[in-house]
Number of protein chains: 2
Amino acid sequence: MEKHNLSMQKLRRMMHEVYRVFKKSIEEQQHEGIKISPEQFGLLHAISTKDEEVIQKDMAEMMGKNKSAILRLIDSLEEKELVRRVADVKDRRKNYLMVTKVGYKVLDQYMRVVHELMEEMQQGLTQNDIDTFHKVVNHIKCKAEKL
Amino acid sequence: MEKHNLSMQKLRRMMHEVYRVFKKSIEEQQHEGIKISPEQFGLLHAISTKDEEVIQKDMAEMMGKNKSAILRLIDSLEEKELVRRVADVKDRRKNYLMVTKVGYKVLDQYMRVVHELMEEMQQGLTQNDIDTFHKVVNHIKCKAEKL
DNA sequence: AAATATTAGTTGCTAACATCAACTAATTGT
DNA sequence: ACAATTAGTTGATGTTAGCAACTAATATTT
């Protein structure tokens, strides 16, 4: 009982710390340049990894976020010129999301920082540990989605 | 590289789903009564589990949050009469945080829901899985705290 | 073809959370 | 007694989330 709840809190704490360190590293490694928040980064990255073209609705589903939330995020990314909306010629309701050149550049920088940090923070953990971690995360997510 | 980043995003997604389900269950099981947010719940619970009396600063440290953030949370909990600040007689700067009777009642209700949900979502996972999960979370948190 | 239903995105509003700097009052240290 | 430190507060700013209502575009039904 108490154990389970603590895990969510610990999880939250862990993520908070990771983001804090991440932010600090970004500041240190880039005194200038475009700064984006974790959520913005998450969306930018998600868009960039999709092979086929995606629309806002797709991203909302994929990230499990409310469509307004996605819209706001896209607004903010578009404002920074990291992403562009391109209306579908056949269905004018749909906006395809495209990562700009600058977008890819920022993404690359951020990914490098993420990579370094994760390498560092994972030291001392086995691959099995990490795989189990992902398994648990995925398992709980899927269970939760069904409720 | 991409794998590590995805885990943070997946983690975030998982937590989002868990909170969604949690909220839904609360709504279903309590058509009335005091509603509190995950953060409020987290703080309320944290306060309740400490044997010795704690002050705001303690909670900020313990939860890894900014003191203003804690203050605001306490404000909101105090407003709902779930928590009370009690000034230390010897050091008037310090406020001890006490969970009220109502506070314990709400906490109990919420804990019950949490317990049920976690039981349900953990089905199919072994104790070893869960332990490893906690181990990884704790490991990363500690590593991050040192950076 | 026209009417209705559905879809994708937008808007306005509200709530919650986080952080920083500056500040105040209280206590401790010199 | 004064300076430094501490605990909490305030104001401002930024970010994210969610809901309902709305608009324009498309699909389906009549």
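What the table below lists for this structure:
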| item | result |
| --- | --- |
| Accessible solvent surface per residue of the protein assembly as shown, calculated while the other protein chains remain in place, 1.4 angstrom probe, Å² | 56 Å² |
| Test item: Cα-centred dipole of the protein assembly as shown, Lys/Arg +1 and Asp/Glu -1 on Cβ, debye | 560 debye |
| Selected from A:Gly124, A:Gly103, A:Gly33 as most flexible by GNM, with chain A as the system and alpha-carbon contacts under 10 Å | A:Gly124 |
| Region A:2-122 - Rg over Rh from alpha carbon coordinates, Kirkwood radius | 1.03 |
| Copies compared at A:Thr100 - label distances in nm, ascending, label defined 7 Å from Cα in the Cβ direction | 5.1 |
| Net charge dipole size for region B:34-146 [Lys, Arg +1 and Asp, Glu -1 on Cβ; Debye, nearest 20] | 580 debye |
| Residue-averaged beta-carbon neighbours from other chains (10 angstrom radius) around A:105-118 | 2 |
| Selection from B:Ile130, B:Met15, A:Val137, by position along the positive dipole direction of the protein assembly as shown (Cβ) | B:Met15 |
| Label spacing, shortest first and in nm, from B:Cys142 to its equivalents in the remaining copies (7 angstrom along Cα→Cβ) | 3.1 |
| Dipole moment magnitude, nearest 20 debye, region A:73-123 about Cα centre, only Lys, Arg, Asp, Glu C-beta charged | 480 debye |
| Placed amide H near A:Thr100: partners under 5 Å, 5+ positions off or other chain | A:Val83, A:Arg84 |
| Residue (of A:Leu147, A:Val113, A:Val89) at the positive-pole extreme of the protein assembly as shown, dipole from beta-carbon charges | A:Val89 |
| Per-residue ³J(HN,Hα) for region B:40-55, Karplus 6.51 cos²θ - 1.76 cosθ + 1.60, θ = phi - 60°, Hz, x for Gly and Pro | 4, 4, x, 5, 3, 5, 4, 4, 5, 7, 7, 6, 8, 6, 10, 10 |
| GNM flexibility winner over chain A from A:Ile74, A:Ile130, A:Ile26 (Cα, springs under 10 Å) | A:Ile130 |
| Among A:Asn128, A:Asn95, A:Asn66, residue whose mean-square fluctuation peaks in a GNM of chain A (springs only between Cα atoms under 10 Å) | A:Asn128 |
| In Å², nearest 10: area of B:Met98 left accessible to a 1.4 Å probe | 90 Å² |
| Cβ neighbours within 10 Å from other chains - mean over A:128-134 | 6 |
| Sulfur and carbon atoms: percent of accessible area, region B:38-98 [1.4 Å] | 45 percent |
| Net charge, A:Phe22 excluded, C-beta distance under 12 Å - Lys, Arg +1, Asp, Glu -1 | 0 |
| Relative contact order of chain B, pairs being alpha-carbon contacts under 8 Å that are 6 or more residues apart, as % | 20 percent |
| All lysines inside 18 Å of A:Lys50 as judged from Cα atoms, apart from same-chain residues fewer than 8 positions distant | A:Lys65, A:Lys94, A:Lys101, A:Lys105, B:Lys3, B:Lys10 |
| Axis-proximal residue, chain B, for the rotation superposing B on A (Cβ, Å) | B:Thr132, 2 |
| Average partner coverage of A:16-23, which counts Cβ from other chains inside 10 Å | 5 |
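The values are calculated or read from the model by the stated rules, or taken from the named source; none is laboratory data. Because the structure is predicted, anything quoted here is derived from the model rather than measured. Neighbour counts are summed over all protein chains in view; Cβ atoms, including those assigned to glycine, are modelled from backbone coordinates with ideal geometry. Remember, those area values only see protein heavy atoms, side chains included, never the ligands or the DNA or RNA. Shrake-Rupley method; radii C 1.70, N 1.55, O 1.52, S 1.80 Å.
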